[in-house]
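Have a look at the structure below, then the notes.
The values are calculated or read from the model by the stated rules, or taken from the named source; none is laboratory data. What you are looking at is a predicted structure, and each value in this text was computed from that prediction instead of being measured. For the accessible areas, the whole protein counts, side chains as well, though only heavy atoms, and no ligand, DNA or RNA atoms are used. Shrake-Rupley method; radii C 1.70, N 1.55, O 1.52, S 1.80 Å.
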Amino acid sequence: MNHMILSLVVQLSLAFGVAGLLWPEKLVAVFDVLMFPWPATHKFVRTNAWGAILLSVLLFLSLIVRR
């Protein structure tokens with residue numbers, strides 16, 4: 001069951017990262033709500049998307065190493 005949860009987190013992180021790289025203008029509205037005092041920019045969304053992709057790669061590697 002633990003592998004299923006980690007696999008789901010990897011998939012969600014990867015999906016969010018790719019969406020942030022391909023459609024940052026659609027995610028700016030979400031980041032405006034999440035990061036209320038600071039304005040969300042395309043650069044911030046793309047940086048966060050790269051971080052989400054890096055996180056998904058690291059989680060995927062940890063999933064492979066555990067098996």
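Observations, loosely collected:
- Angle in degrees between helix 2-22 and the longest Cα principal axis of the chain, rounded to the nearest 10: 30 degrees
- Extension gain (nm, one decimal) between L34 and R66, 0.36 nm per residue minus Cα-Cα: 8.2 nm
- Residue-normalised accessible area of the chain, given per residue in Å² at a 1.4 Å probe: 76 Å²
- A convex hull fitted to the Cα coordinates of the chain yields 83 cubic angstrom per residue.
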